[in-house]
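**Student:** Before we start, here is the structure in question, set down as structure tokens.
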Amino acid sequence: MTAKTWLTQEAADRLANELRELETSGRSEVVKKIEAARAEGDLKENGGYHAAREEQGKLEARIRQLKALLENAEIGTPKGEAGQVSPGMKVAVEIMGKKMEFLLGSREIASGELDVYSEQSPLGAAVLGAKVGDERSYTAPNGKAIKVKILAADFFA
């Protein structure tokens, strides 16, 4: 079973619009490029044809990614309580004397002003479920043990 991803209604709408765009005009444009390159002749040494086919592969991969994301999305207000870290929250922490804020969840919900950490990331997994004032530790990708203190956990608007 795939884990649910929390999305704001705005993020879900944005992703649904992107999916519609890719499935309609995105596919049409790539098909036109493939047809134009195919008309040039020999496909073995046709750089335009191979580039268009690669573009088609990337487009289809993004379509599959968006469909899976939207099918497994939990849309609306995040569950949980203020002060306890859960997906969809803006979290303030102190790590090695430095304060930072980030959004816990999918990068698809990001608005650009905050870094986004997945619940499956080392930092995300460490803070998930923690309450304000709690201290947790996690192992960084370089193998170093890092301590993190939860300063705030608020619903992302």
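The values are calculated or read from the model by the stated rules, or taken from the named source; none is laboratory data. What you see is a predicted model; the values in this text were computed from it and never measured. For neighbour counting, all protein chains shown are included, and Cβ atoms are generated from backbone atoms with ideal geometry for every residue, glycine included.
**Student:** Filter the stretch 120-138 for residues that are surrounded by fewer than 17 Cβ atoms within 10 Å (Cβ to Cβ) and hydroxyl-bearing (Ser, Thr, Tyr); which is nearest to ALA152 (Cα to Cα)?
**Tutor:** Top of the filtered list is SER137.
**Student:** For LYS144, state whether it is more than 30 Å from LEU43 (Cβ to Cβ), within 21 Å of the chain's Cα centre (by Cα) and at pLDDT below 95. Lay out the reasoning, then the answer.
**Tutor:** Numbers: more than 30 Å from LEU43 (Cβ to Cβ): yes; within 21 Å of the chain's Cα centre (by Cα): no; at pLDDT below 95: yes.
So LYS144 does not fit the description; no.
**Student:** Here's a follow-up. Confirm whether GLU18 is free of Cβ contacts under 8 Å to residues at least 40 places away in the same chain and either charged (D, E, K, R) or in contact with a Phe, Trp or Tyr (Cβ under 9 Å, 6 or more places away or on another chain) (or both). Reasoning before the result, please.
**Tutor:** Numbers: free of Cβ contacts under 8 Å to residues at least 40 places away in the same chain: no; either charged (D, E, K, R) or in contact with a Phe, Trp or Tyr (Cβ under 9 Å, 6 or more places away or on another chain) (or both): yes.
In short, no.
**Student:** Shifting gears a bit: Take the residues of the stretch 99-116 that are modelled with pLDDT of 90 or more and of a type outside the set (A, V, I, L, M, F, W, C): which is surrounded by the most Cβ atoms within 10 Å (Cβ to Cβ)?
**Tutor:** So in the stretch 99-116, the residues modelled with pLDDT of 90 or more come out as 99-102.
Then drop every residue that is not of a type outside the set (A, V, I, L, M, F, W, C), which leaves 99, 101.
On the way: LYS99: 11, GLU101: 14.
Per the criteria, the residue is GLU101.
**Student:** Could you check the stretch 1-39 and list, in sequence order, the residues that are within 25 Å of PHE155 (Cα to Cα) and of a type in the set (Lys, Arg)?
**Tutor:** LYS4, ARG14, listed by residue number.
**Student:** Given (1) at pLDDT below 95; (2) touching a strand residue (DSSP E or B) at 6+ places or on another chain (Cβ under 7 Å), identify the lone condition not met by VAL127.
**Tutor:** Evaluating VAL127 over (1) at pLDDT below 95; (2) touching a strand residue (DSSP E or B) at 6+ places or on another chain (Cβ under 7 Å) leaves (1) as the failure.
**Student:** Could I ask something else about it? If you check GLU10, GLU81, GLU60, GLU18, which single one turns out to be under 19 Å from ALA130 (Cβ atoms), out of contact with any helix residue (DSSP H, G or I) (no Cβ under 6 Å at 6 or more places or on another chain) and not assigned by TED's automatic domain parsing to the domain that holds SER121?
**Tutor:** GLU81
**Student:** Something else about it: Which count do you get for residues in the stretch 123-157 that are in a loop (DSSP other than H, G, I, E, B) and in contact (Cβ under 8 Å) with a residue 12 or more places away in the chain?
**Tutor:** Within the stretch 123-157, residues that are in a loop (DSSP other than H, G, I, E, B) and in contact (Cβ under 8 Å) with a residue 12 or more places away in the chain number 9.
**Student:** If you don't mind, another one. In the stretch 82-98, what residues are surrounded by 11 or more Cβ atoms within 10 Å (Cβ to Cβ) and not hydrophobic (A, V, I, L, M, F, W, C)? Even if it seems obvious, please write down each step before you answer.
**Tutor:** Our first condition is that a residue be surrounded by 11 or more Cβ atoms within 10 Å (Cβ to Cβ); within the stretch 82-98, this holds for 82-95.
GLY83, GLN84, SER86, PRO87, GLY88, LYS90, GLU94 - these are the residues of the stretch 82-98 that are surrounded by 11 or more Cβ atoms within 10 Å (Cβ to Cβ) and not hydrophobic (A, V, I, L, M, F, W, C).
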